[in-house]
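One structure is given here, and the rest of the page talks about it.
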Amino acid sequence: MCGSQQSLRAAVFLGLSVDGRIARPDGDLEWLTSRGEAAGDAGFTPFLESVDAVVMGRKTYEAIASYEDWPYLDRPIHVISTTLAADADSRITVHRTAEAAVDALQRDGRRRVYVDGGETVRWFLAAKLVDEITLSQVPVLIGDGPSLFGPLGGDVDLEHVRTDVLDGGMVQTTYRVVDGPTPQASA
């Protein structure tokens, strides 16, 4: 990664079940939206105001594309997909790779971006671009579905910033990423 990309920083703000799932196997988010209503905004609007663009994967985009109320204010939305048509939605810019998305964000002068979606978050972590992770744990076990975290190429050290218990029993924790993945020592 070139030095100029280091000025781009990413933040993660995601809801997940207690068992670490970010969606049902079919992509359904009803378990999150229905139970999350009690928590209200959960700090999402101030968080979104702190970023100047959004980057997500195709699956995340498809899960929210039909929402009547587009939740991203006026932030530019960049979607990483090898299958989505470039003109699929006038609200988004499609990139074939995460590297292409980062290059476009850099060219546009973006400094802090919101990264959404499991695979996209993992790529940004591996690229050492994430500096903050806020996880809102919804009090439900859904049993199956994609996990936020998978192989990361090593440990990612985190520093606890704060934990809040929100209405409805949601627990929100924010971490600062100390550095990107650190390869594990071999035994």
- [ ] Taking H placed 1.01 Å from N in the peptide plane, check which residues at least 5 places from residue 15 or on another chain put their amide H under 5 Å from its amide H.
- [x] 136
- [ ] Rounded to whole Hz and in sequence order, give me ³J(HN,Hα) for region 131-142 from the Karplus expression 6.51 cos²θ - 1.76 cosθ + 1.60, θ = phi - 60°, writing x for Gly and Pro.
- [x] 10, 8, 10, 10, 10, 10, 8, 8, x, 7, 10, 9
Open item on the list: Need the full-extension length gain, residue 160 to residue 73, defined as separation in residues times 0.36 nm minus the C-alpha distance. One decimal, nm.
Closed with: 28.5 nm
- [ ] Using the Cα centre as the reference, give the magnitude of the dipole from point charges on the C-beta atoms of the chain (Lys, Arg: +1; Asp, Glu: -1; all else neutral), rounded to the nearest 20 debye.
- [x] 520
TODO: Calculate, for the chain, the solvent-accessible area per residue in square angstrom, rolling a 1.4 angstrom probe over the heavy atoms of the protein chains.
DONE: 51
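For the chain, report the convex hull volume of the alpha-carbon atoms normalised per residue, in Å³, without decimals.
Details: hull volume 25.2 nm³, N = 187.
Given the Cα convex hull of the chain, per-residue volume reads 135 Å³.
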Open item on the list: Under 19 Å from a point placed 7 Å out from the Cα of residue 87 along the Cα-to-Cβ direction: which residues of region 46-80 have their backbone N that close?
Closed with: 79
Open item on the list: Compute the distance from the alpha-carbon center of region 123-148 to that of region 37-100, in whole Å.
Closed with: 16
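Express the relative contact order of the chain as a whole percentage, based on alpha carbon pairs under 8 Å and six or more residues apart in sequence. Don't skip to the answer; put the middle values down first.
Working: 360 pairs, mean separation 60.5, N = 187.
Rounded, it is 32 percent for the chain.
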Task: Percent carbon-and-sulfur accessible area, the chain, ignoring ligands, DNA and RNA, probe 1.4 Å - done: 49
- [ ] Nearest 5 is fine: what % of DSSP beta bridges in the chain come out antiparallel, could you say?
- [x] 40
- [ ] Return P(r) of region 80-187 (all Cα-Cα pairs; 10 Å bins starting at 0; whole %; ordered from short to long distances).
- [x] 12, 34, 34, 18, 1, 0
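The values are calculated or read from the model by the stated rules, or taken from the named source; none is laboratory data. Everything numeric in this text was worked out from a predicted model, so none of it was measured. Cβ sites come from the backbone with ideal geometry, for glycine too, and all protein chains shown count toward neighbours. Just so you know, the surface numbers come from the protein's heavy atoms only, side chains and all, with ligands and any DNA or RNA stripped out. Shrake-Rupley method; radii C 1.70, N 1.55, O 1.52, S 1.80 Å.
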